[in-house]
Each structure stands twice: as structure tokens, then as C-alpha cells.
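Asker: Questions regarding the structure given below will be posed in turn.
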Amino acid sequence: MREKRAGVVANVGSAGGWTGIPGIGMYGSTKFAIAGITLALREEVAPLGIEVTVVEPGAFRTSILGKGFVPAKCPINDFDPLTKPLTTHVANFSGKQPGDPAKAAQLMVEALTKSGRCKGKTLPSRLLLGKDAVKLGQGVLEKSKRELDEWAELAGSTDFQDVGKP
């Protein structure tokens, strides 16, 4: 790709990498890491003509909530109020996820090859898949904007006085 000064790198994360989800923090932390690595790589290789994105699906009907979901072997009783409803939700939601994996795969192909519905579009740094993922992302951005605005003045008050305005 460097030699050709062209190419596309797509890492697959999860919409769960946009926010901390109680009960599955370890899972989410790996998705945050994938997003962070991808966003840095995107900037690093952009001058070489290489595009990079992280694909972040929401809930899709795959086996992740069935065979792929394994509750803790040694649960901690203090966390039962959190983990028991989560385990029940996962069991009830398995096979009922809104996302269609075939449609997700098709959109991924179109986005990464800039064909079909994605012709002429710029590859996003983060490609959320599924209405649930988009809703989650929008909520996170809105909350982050509110918090940033609320704390901006105080956060900025920590600079040395001899430093000019950014």
C-alpha cells in the first residue's frame, strides 16, 4: 500500500466502543482500543494515500449472544443486581437483534470499495452499522458536547497565564 500510495485498512470494532456498558466493561475496553489505534493509524498513513476506518456494528443476529456469550465462572455476589439482568437480557435478545449481517457485509463492501451507495463518499473514520449503533453514537456525541461545554471554562483555567489563547 505504501508503495502504491493507495489502499484501505478496515478494523472491526463495535458500537460498544463508544461508551462504557456496565457488566461488559472488559469487552468494551477492547473496542475502545481498536478505535483508538484505528484513529491514530488513519492520521499516520493518510499522507501515503491509505484510508483507514473502524467498522462499528451495533446488535446483529450472530452467535455472539448465544454460544459466544459466556457468563462469569466465578460471579461476585455484590454485582448480581447488574449481572443477572444483563444475563437475562442477553438470553432474551439472542436471535432478536435488529441488524442483518448480510446487509452489514454489503454496506461494508460498498464503503470500502466506494461503490454502489457509497460511490463518491469519503470513508468515515468510524463507520457505525445499524440504527441502534447510530442512535448510540449520536447520544454519546450529544452528552460529550454538553459536558465539554459545561466544563470548558474551568478546564481552560489550568493553563499558565503567559500562554496565549489557543
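Asker: Treating only the Cα positions of region 1-140 as identical point scatterers, give the base-10 log of I(q)/I(0) from the Debye formula at each q in 0.15, 0.17, 0.19 Å⁻¹.
Answerer: -0.82, -0.99, -1.16
Asker: Continuing with this model, one more query. Which longest run of the chain has no exposed loop site in it, a site being trypsin sites (Lys or Arg not before Pro) in a DSSP loop with at most 13 other beta carbons within 10 Å, and the site itself not part of the run?
Answerer: Between exposed loop sites, the widest span is 6-66.
Asker: Also, quick follow-up: When a/c is below 1.5 the answer is rounded, else prolate if a/b is larger than b/c, else oblate, so apply that to region 110-166 with a ≥ b ≥ c taken from the square roots of the Cα gyration tensor eigenvalues.
Answerer: oblate
Asker: Calculate the spin-label point distance for THR62 paired with LEU39, positioning each point 7 Å from the Cα along the beta-carbon direction, and give it in nanometres.
Answerer: The modelled label-to-label distance comes out at 2.2 nm.
Asker: Describe numerically, in nm with one decimal, the distance between label points set 7 Å from Cα along Cα→Cβ at ASP162 and at ASP78.
Answerer: Rounded to a tenth, the inter-label distance reads 4.8 nm.
Asker: Sticking with this structure for a sec: Report, in listed order, any pair from LYS96/LYS145; LYS121/LYS145; LYS73/LYS135; LYS31/LYS135; LYS73/LYS145; LYS73/LYS103 with a Cα-Cα distance greater than 28 Å.
Answerer: Flagged as over cut-off: LYS96/LYS145; LYS73/LYS135; LYS73/LYS145; LYS73/LYS103.
Asker: Full extension from ALA152 to MET26: what is 0.36 nm times the residue separation minus their Cα-Cα distance, to one decimal in nm?
Answerer: Extra length from ALA152 to MET26 when fully extended: 42.4 nm.
Asker: Only bridges whose two residues both fall in the chain count here: according to DSSP, what percent of them are antiparallel, nearest 5?
Answerer: For the chain, the DSSP antiparallel bridge percentage is about 0.
Asker: Averaging sequence separations of C-alpha pairs under 8 Å and six or more residues apart, then dividing by the length of region 8-120, give the relative contact order as a whole percent.
Answerer: 27 percent
Asker: Per residue of the chain, what 222 nm ellipticity follows from adding -39500 (n - 2.57) for every DSSP H run with n ≥ 4, rounded to the nearest 500?
Answerer: -15000 deg cm²/dmol
Asker: Let me ask you something else. Would you calculate the separation in nanometres between label points at THR88 and GLN138, each defined as 7 Å from the Cα along the Cα-to-beta-carbon direction?
Answerer: Using points 7 Å along Cα→Cβ, the separation is 3.0 nm.
Laboratory data are not the source of any read-out in this text; all were calculated from the coordinates shown. Quick caveat, the model's predicted, so the values are computed rather than measured. So basically every Cβ, Gly included, is an ideal-geometry build from the backbone, and we count neighbours across all protein chains shown.
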